[in-house]
1. Hey, what does the equivalent ellipsoid look like for the range 103-221, semi-axes from the Cα gyration tensor as sqrt of 5 times each eigenvalue, largest first, whole Å?
2. Among S327, M114, T382, whose Cα lies farthest out toward the positive end of the dipole of the chain, if unit charges sit on the beta carbon of Lys, Arg (+1) and Asp, Glu (-1)?
3. So which lysines can K176 reach, going by Cα to Cα under 21 Å and dropping same-chain residues fewer than 8 places off?
4. Which value, in nm² and rounded to one decimal, describes the direction-averaged projected area of the C-alpha convex hull of the range 88-153?
5. Please say if the range 34-117 is rounded, prolate or oblate, where rounded means a/c under 1.5 for a ≥ b ≥ c the square roots of the C-alpha gyration tensor eigenvalues, and otherwise the choice is prolate for a/b larger than b/c and oblate otherwise?
6. Evaluate the chain: find the radius of gyration of its Cα atoms, find its Kirkwood radius, and give the ratio Rg to Rh.
7. Gap in Å between the Cα centre of the range 118-153 and the Cα centre of the range 19-93?
8. Ranked highest first by the average count of other Cβ atoms within 10 Å around their residues, in what order do 322-328, 391-397, 258-264 fall?
Amino acid sequence: MLSRFSALAKKALLRLRYYVMGYRNYWKYTRVPKEKDLWVFSGFRRNCYMDNAKYFYEYLLREHPEIRPVWLTVSDEVYAKLQAEGKPVLRMDSKAGIECTSRAAVAVTDHFVMTDYSPEWGLNDGTKIVQLWHGVGFKAMGDTNGVRNTTERGVRYSRDILPSPDDGGLRRMYKKLKYRFCAPFREKMETYFLMTDTGPEREETILSYWGVPEAARVKAGNPRVAPMLQTARAEAPARVLYAPTYRFDAAHEKALIEDFLAHAPAIERLMEERNAVLHLRLHPHTWRDYGELIGAGLAGFSRIARQQTPDIYAALGEYTALVTDYSSIAMDFVGPERPVIFLCPDFDWFSANEAGFTLDFVSRAPGPVVYSWENAFPLIETYLQNPAWDRQRRMERYAYFYFDGVNDGHDAARITEAIKRGLEAE
């Protein structure tokens, strides 16, 4: 009992320190002059090196010597890796990291500012936020009631602290005072300097709900797809990727894996018949350990394996077909000859209990939606023989998610020019 009380007391003290130091440092560093050529980057929860932020950072290192990109992390592993590669990296919580963040004109994120940066460590009201987001997907990220599919405290609409044309004088004064206290701990999507506008889907399901201004939207896709476009498809054996999305509910996540393992004998037979292999890849944010379960379940199968490379995008182009459910990886992969099967055995439950959707998933998905492995098998076989089968319907639906011309491997260049224009306009 005493140890539990001590743990709770320690947690409360850390939370109190975060608010006190975050408030003080946020406004202190707001006064620091910003350097237009200094742009900082961070990964999910400050621990990762991945996703759109990674590929944008690496693009700038290769192509724009006039810009000083710096990766920030609290991970010893990420820090050591980037140092060994000669890439500019700092510990976010170090004196040098805090100073760098406080002086940066731009901070890039692809999740949330509140997960990837901290007001304790240099984030401030003068920081210009560039939001690349982590892909184009299906799960609901907002509606008229608020931001969805996140448990982060500060990620909420800021109507209560940002002025509106309808506000009277007293209301504006009240909001100004409240802003002073709340701003360090809020996402403030409505004040993003820039956010990628990939297509009609993003405009309708995220940008409009989040209140991202028209002037802050840049028509661009995902920098992370560039390596896939440069990777040749593996031929013999052909490759199929099974990549289900993350589930908050542990029981349903485990049930999904167990269902996959139960069908392993049938998957093995199909792969043998078609001279193919199937790789299982769990969502990168899945923190639960299924190594023993999967290892035992796949023992003895030569054509099924677990895909665990740190970065799937370096290998994604090698696959002939993708099987997923509601993951944004589907919209990275899909193309005229890159088919996706949407295997959704828990569709009704997921819709009601997890993220849900703000679009009609079944009618919008750019590929067949099935609810069991038995229904998926003939489709996998068809796509292995002819990846371009049903390409017309696939690409018609693709147009709802992406504007013509984006996601072509040049999105990092578009984003760079948009940031530069915005900085020069000030």
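The values are calculated or read from the model by the stated rules, or taken from the named source; none is laboratory data. Note that this is a predicted model, so its numbers are computed, not measured. Here the Cβ positions follow ideal geometry from the backbone for every residue, glycine too, while neighbour counts run over all protein chains shown. Side chains included, ligands, DNA and RNA excluded: accessible areas come from the protein's heavy atoms. Shrake-Rupley method; radii C 1.70, N 1.55, O 1.52, S 1.80 Å.
1. On the way: eigenvalues 104, 64, 38 Å².
Sorted largest first and rounded, they come to 23, 18, 14 Å.
2. Farthest towards the positive end: M114.
3. Hits, sequence-local ones excluded: K28, K128, K188.
4. Details: hull surface 22.6 nm².
For the Cα atoms of the range 88-153, the hull's average projected area reads 5.7 nm².
5. On the way: a/c = 1.22, a/b = 1.10, b/c = 1.11.
Note, shape of the range 34-117 comes out rounded.
6. Values: Rg = 22.7 Å, Rh = 23.1 Å.
My calculation of the ratio gives 0.98.
7. Each part reduced to its Cα centre gives a spacing of 17 Å.
8. Values: 322-328: 23.3, 391-397: 14.0, 258-264: 16.9.
The peptides rank, most packed first, as 322-328, 258-264, 391-397.
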